[in-house]
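Asker: Sending over a structure as structure tokens; questions will come in a sec.
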Amino acid sequence: MGTVLVPGSFDPIHLGHVDVVEQARAVFGSVVVAVMHNPAKTSGLFEADERVALAAQALAHLDGVTVASFTGLTVDAAADAGATVIVKGLRNAGDFEIEQQMAHNNAALTGVRTVFVPCRADLSHISSRFVREIAASGRPVDHLVPSRIAEALAGRFGDR
Ligand code: PNS
């Protein structure tokens, strides 16, 4: 099977993301994880190159998975990556509402298809925003992110 794109902000990548990429790789031939970078958005925690490096470390156990950063539209990232399918994880009905809109917009733009995969139930409470908030408070995030990402967050926020 062909190449699929798993796009996101990945600020930072967490265990729910890793599960979605693992599911995508189990079904498709190769996976490009697209760290989407909006130069106008400056409210993030990690820079795009840091997010790419952290995602690559978190996914290093997977063959057939590469990580790259893209600016602009996800449909253009998919075309650049040679992907005709976008894979997105769904945690809940709230995710479905926005993801369905994005899937329809993306399909209307280039015909790219979107495939949804259900997030693992025991990981469906995780979001990058909550990871950032918990890490900023100085509490442990080892149950939410791969160990390397927890180290990077500890380095960013220091001991509090
Ligand atoms: O991890 P996130 O923040 O939920 O990822 C959202 C992301 C980056 C995949 C989405 O915002 C996106 O696709 N951004 C790129 C701009 C774009 O294509 N916008 C049109 C969507 S229909």
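Asker: For segment 125-148, name all the residues that are among the acidic types (Asp, Glu) and within 15 Å of Phe10 (Cα to Cα).
Answerer: Just the residues of segment 125-148 that are among the acidic types (Asp, Glu), to begin with: 133, 142.
Across segment 125-148, the qualifying residue is only Glu133.
Asker: Oh, and also: Right, Ile149: part of a helix (DSSP H, G or I) and modelled with pLDDT of 95 or more or not?
Answerer: yes
Asker: Oh, and also: Could you list, ordered by first residue, the pairs with Cβ atoms under 7 Å in which the first is in segment 121-134 and closer than 17 Å to Ser43 by Cβ and the second is of a type in the set (Asp, Glu) and assigned to a loop (DSSP other than H, G, I, E, B), at least 6 apart or interchain?
Answerer: Close Cβ pairs satisfying both conditions: Ser128/Asp11.
Asker: Condition (residue is at pLDDT 95 or above, in a strand (DSSP E or B) and under 16 Å from the mean Cα position of the chain (by Cα)) applied to segment 118-132: is it met by at least one residue? Give the steps one after another, and end with the answer.
Answerer: Of segment 118-132, the ones at pLDDT 95 or above are 118-132.
Okay, now just the ones that are also in a strand (DSSP E or B), so 118.
From the residues that got through so far, the ones that are under 16 Å from the mean Cα position of the chain (by Cα) too are 118.
Yes, the conditions are met somewhere in segment 118-132.
The values are calculated or read from the model by the stated rules, or taken from the named source; none is laboratory data. Note that this is a predicted model, so its numbers are computed, not measured. Backbone-built Cβ (ideal geometry, glycine too); neighbour counts: all protein chains shown.
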